[in-house]
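Below: the structure, in structure tokens.
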Amino acid sequence: MNTDFCCLPPNTYERYSVRKVSRQEADAFKWIESQKDGRDLGEFALQLWIQKHWWGFLRARLIEHLQGARYWTELDLEDFGLLQREFLDQQPLLNTIVALLLGGNDNLEVILWAHENDKPVELVLKMLERININARRLVLEYNSAQGVDPDQCWYVRK
């Protein structure tokens, strides 16, 4: 496995924007839901996507970033590829924890899973602490004020 990537400048990677891709996902959701309803649901559908899908979408992007699969510009460069650099001797356990997190489980549920399945709880705690999924949250804000460029209505902040 090549781990030299951690020393390359960020412009070496294809860059993705959480803001841009989340807006594309929300627009696709809006179109599908509008088609189902037979009318344009507009802002209501966008707000519904935020309510139903934002945190899962963000969690999946965070994991991609931590795995080094995709570089997301709104996320910290130091975190890019973190999971490829750490716990190399514990990849099966780490992969299971990542799958649990992607499935929507929170840290407590992962710890309970480890306990119930006779996994090394101390190691699981170290992994969860390093992943630190809850500290890497971004907030999506949508403000549809009239006369504002639609691209400026959709933004992500730390």
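Within the stretch 70-84, the set of residues being hydrophobic (A, V, I, L, M, F, W, C) and crowded, with 19+ Cβ neighbours inside 10 Å comprises W72, L75, F80, L83.
Okay, residues lined up against (1) in contact (Cβ under 8 Å) with a residue 12 or more places away in the chain; (2) open to solvent by 50 Å² or more (accessible area, probe 1.4 Å):
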{"residue": "I111", "(1), (2)": "yes, no"}
{"residue": "K119", "(1), (2)": "yes, yes"}
{"residue": "E122", "(1), (2)": "no, yes"}
{"residue": "A135", "(1), (2)": "no, yes"}
{"residue": "L140", "(1), (2)": "yes, no"}
{"residue": "W154", "(1), (2)": "yes, no"}
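Is it the case that the stretch 85-100 has a residue that's open to solvent by less than 90 Å² (accessible area, probe 1.4 Å), among the small types (G, A, S) and either touching a strand residue (DSSP E or B) at 6+ places or on another chain (Cβ under 8 Å) or touching a residue at least 40 places away in the same chain (Cβ under 8 Å) (or both)? There is no residue in the stretch 85-100 that is open to solvent by less than 90 Å² (accessible area, probe 1.4 Å), among the small types (G, A, S) and either touching a strand residue (DSSP E or B) at 6+ places or on another chain (Cβ under 8 Å) or touching a residue at least 40 places away in the same chain (Cβ under 8 Å) (or both).
Residue-by-condition table, conditions (1) more than 13 Å from the chain's Cα centre (by Cα); (2) hydrophobic (A, V, I, L, M, F, W, C); (3) at pLDDT below 95:
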site: R61; (1), (2), (3): no, no, no
site: A69; (1), (2), (3): no, yes, yes
site: R85; (1), (2), (3): yes, no, yes
site: I111; (1), (2), (3): yes, yes, no
site: L125; (1), (2), (3): yes, yes, no
site: N134; (1), (2), (3): no, no, yes
site: L138; (1), (2), (3): no, yes, yes
site: Y142; (1), (2), (3): yes, no, yes
site: C153; (1), (2), (3): yes, yes, yes
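Within the stretch 28-37, the presence of a residue that is part of a helix (DSSP H, G or I), closer than 15 Å to Y71 by Cα and among the small types (G, A, S) is excluded.
When A45 is tested against (1) over 22 Å from Q24 (Cβ atoms); (2) touching a helix residue (DSSP H, G or I) at 6+ places or on another chain (Cβ under 7 Å), exactly one condition is not met: (1).
Yes or no, residue by residue, for (1) open to solvent by 20 Å² or more (accessible area, probe 1.4 Å); (2) without any contact (Cβ under 8 Å) to a residue 24 or more places away in the chain; (3) over 17 Å from V156 (Cα atoms):
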| position | (1), (2), (3) |
| --- | --- |
| R39 | yes, yes, yes |
| L46 | no, no, no |
| Q51 | yes, yes, no |
| L58 | no, no, no |
| G68 | yes, no, yes |
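The values are calculated or read from the model by the stated rules, or taken from the named source; none is laboratory data. What you see is a predicted model, and the numbers here were worked out from it, not measured in a lab. Ideal geometry is used to build each Cβ from the backbone, glycine not excepted, and the neighbour counts take in all protein chains shown. Note: areas computed on protein heavy atoms with side chains; ligands, DNA, RNA excluded. Shrake-Rupley method; radii C 1.70, N 1.55, O 1.52, S 1.80 Å.
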